[in-house]
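Inspection log for the structure reproduced underneath, given as structure tokens.
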Amino acid sequence: MMSRMRNALKGFIILGLLGGLLLPAGQKASAETVYTYKDETSSFAINGSSVRMTGEHVVWRERGQIHYGNTGTGQKTVVTNHGKSTDSPAIGINGRGEAVVVWADKRDQSEGTGNLNWDIYSYNLSTNTEKKLNDTIGQHRIPSIDGNYIVWQTNPDYEMQIYDMAAAVLTDLGRGRDPVAGNGRIVYKGSADGSLYEYAIAARTHKKILDLPYTQYVERFVFSGEEILWKQRDLDGYGKYTFMDLGENNPQPLDLTGPVMQGVEYSEMSISDGTAVWLEASGGSVVMKGADLIGGSSYTLGVIKPSQFIGFNGDGLALVNNGKLVNRTIIQTEAGLSNNPAGVQTGGAVIGSDGGIVSADQAASLAFEQGTFEADTRIVLDNSTETSLFQSKPAQGMTWAGMAWKWTAEAELKKPAMLTFEMERAIETAELANRTGIYRYDESEGKWVYAGGTVDSAWRTVRARVVTPGLYALFAYAPSFSDMNGHWAQSEVEVLASRWIVNGMQTGDFDPKQSVTRAQFAKMLVEAAGLGIGQAGGGSFRDVPDNHWAARWIEQAAAAQWIKGYEGSLFKPNAAVTREEMMVMLVNAARLPKDNTSDTLSGYADADRVRAWAKPSVETAIKSGIIQGSGSLLNPGGTSTRAEAAAVIYRWLTMKEELFNE
């Protein structure tokens, strides 16, 4: 790597220390440079995990076995089929230009929990030859391949082994952890400290390249042959991402982020030719963060699942999405927002058709999916100081949580965006977390309207899907009903009411013993799923006209294929929903796999009264615990009360980890 990278990166770090470019915990992309990305989905299908690539060669684990594919030719090969466990596949090109797969293998070991031993195998795709590389019994793990060399670690003594494929020679390299081969070097962590070391294969020499005090250590790293990216941690729990270029004279570590307290962690990271990427938690999502080591900027590259991440394959990022290989190209859409011409809004970002994330600071962010906008659209997200509006509450029992943000968009959204609020301190109790939500101020009505609210498991972030720009704030809501005091479902009803899934009567009571209608339960499902209200006028059912109070919810549930009607295109919205109808609707909404073979119902005396069309859903609902029988009876044709329906929805949200118990 050229010295200009090092000089540019030094400038990047100085700017960060002076102007906040080094990102604090959870903060999104720098406001100085806005990046988006473009995804190109190939026809190459990958139905597995632990995916690794080198050029057009790719390996992965599928059903516990190692698979190989060539993205250029479409060729696929099942490398192992012995049925025992495999792990850590890697792919490389040897000195003769042949693709070689390496992995850890259990075929010669017992699968018991007490046996921690593994072996290292290689497979040459050109010669169709397989070879066991280790010559001792032990915990041989996590092989790395580069050129003719394969290196791995043997636990528990942290002994490193290197196999020279050209000479067919196995050599003990001494003690070290997590060795990675690249460009004639092996980089590894010390066996007794947290520093980094380098082994020069040709010279057969070891040297320390990163000397850390005992209070700090390298938690994990990736090595591209010259560049190293690592997560550095201290004993107080603070961590930072750091970079080093071994191609420099006297290489020195350079920080990409400032030290932040450990939160949700992801191990995925990659580095290649002046660009580093890693994954961070951002609200309830995971985002890919990037650092341009030459240009001196940081940015986000979209919401991602850790299982999708592969890393750099040459100059491009490789991902797996919906079982297909995806190439992600980084696009800088706009730079220097702070230097925009007069009259152009600042403090925001431009989002293209490929989507992206906008964040003003750590406290709030908006994530846009691909296709949300048809063309580049400026989004502005600012902290609101309109404190007078926070006294206008939707209902008695509302408490403002002290957070409010306003956002604007220059074009209409084609898809919902994910709005996330991140708090400095976690919510104190599960009860308060269950009752906290995001509200939008409706200027036409002069009141706050519930927008949704899913709290993460750490009780630090609240997120909701939104489509309407405007002023949003965080409120906690503690409703109560005079006829629910001491009732067995009091907590369930009050929590669902705080999330606007159920409502009380005009009298102020909840009326827990009243039967639930089919229309009411459809509304409860749609609200609990966070789908929002659909558009009236779908005309799915003759007896649900556009002006029916529940028409929008019923159309949404019908569009999602959660509900079905009767002959003659009737829905019977005012009919009491039966227990078996409720179970069918709920299992459809929860997307639970229906069970056609279970004997779950055999213990119920009235199991034969469950109609055939409902039986798979009833089996699934009972087995999952969302719905419970009444003693020895299922009572499939009976009706449910408002309290019972609330309890069922509450169990579903708890199963989805959207509600919490102390």
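The values are calculated or read from the model by the stated rules, or taken from the named source; none is laboratory data. Keep in mind that what you see is a predicted model, and the values were worked out from it rather than measured. Quick reminder, even Gly has a Cβ in these numbers, built from the backbone with ideal geometry, and neighbours come from all protein chains shown. Side chains are part of the model used for accessible areas, which takes the heavy atoms of the whole protein and leaves out ligands, DNA and RNA. Shrake-Rupley method; radii C 1.70, N 1.55, O 1.52, S 1.80 Å.
Which Cα, out of GLN252, GLY565, VAL495, lies furthest along the positive dipole direction of the chain (beta carbon charges, K/R +1, D/E -1)? The residue sitting farthest along the positive end of the dipole is GLY565. Projected onto its three principal axes, the C-alpha set of region 446-603 covers 44, 43, 36 Å, listed from the longest axis down. When the alpha carbon coordinates of region 39-140 are projected onto the principal axes, the ranges are 45, 30, 21 Å, largest first. Across bins of 20 angstrom width beginning at 0, how are the C-alpha pair distances of the chain distributed, in whole percent? P(r) for the chain, in whole percents per bin: 16, 41, 33, 9, 0. Across region 85-168, Cα-Cα distances exceeding 15 Å account for 54% of all pairs.
Each peptide among 420-426, 222-228 gets the average number of other Cβ atoms lying within 10 Å of its residues, and from highest to lowest they stand as 222-228, 420-426.
Taking Cα centre as origin and charging only the Cβ of basic (Lys, Arg, +1) and acidic (Asp, Glu, -1) residues, the dipole magnitude of the chain rounds to 780 debye. For region 119-156 and region 41-57, write down the distance between their C-alpha centroids in whole Å. Rounded to whole Å, the Cα centres lie 21 Å apart.
Restricting the GluC sites (Glu not before Pro) of region 65-158 to loop positions (DSSP other than H, G, I, E, B) with no more than 16 neighbouring Cβ atoms within 10 Å leaves GLU98, GLU111. Checking every one of the trypsin sites (Lys or Arg not before Pro) in region 29-110 against DSSP loop status and a limit of 15 other Cβ atoms within 10 Å picks out ARG63, LYS84, ARG96, ARG107. Suppose a student asked you for the relative contact order of the chain, using Cα pairs under 8 Å spaced at least 6 residues apart; what percent would you report? So the answer I get is 10 percent. Of interest is the spacing of the C-alpha centroids, which for region 218-239 and region 618-649 amounts to 51 Å. Shape class of region 427-491 from the Cα gyration tensor (axes a ≥ b ≥ c, square roots of the eigenvalues): oblate, since a/c reaches 1.5 or more and a/b does not exceed b/c. For region 572-641, the list of GluC sites (Glu not before Pro) that fall in a loop by DSSP and count at most 15 other C-beta atoms within 10 angstrom is empty. The residues of the chain expose on average 45 square angstrom of accessible surface per residue, using a 1.4 Å probe on protein heavy atoms.
Taking every alpha-carbon pair within region 392-460, the share separated by more than 21 Å comes to 34 percent. The Cα center of region 424-489 and the Cα center of region 248-306 differ in position by 32 Å. Here region 247-313 exposes an accessible surface that is 44 percent carbon and sulfur, computed with a 1.4 Å probe and the other protein chains kept in place.
Based on alpha-carbon atoms, the Kirkwood radius and the radius of gyration of region 579-662 give Rg/Rh equal to 0.95. The apolar share of the surface of region 374-448, taken as the fraction of accessible area on carbon and sulfur atoms (1.4 Å probe, ligands and nucleic acids excluded), comes to 41 percent.
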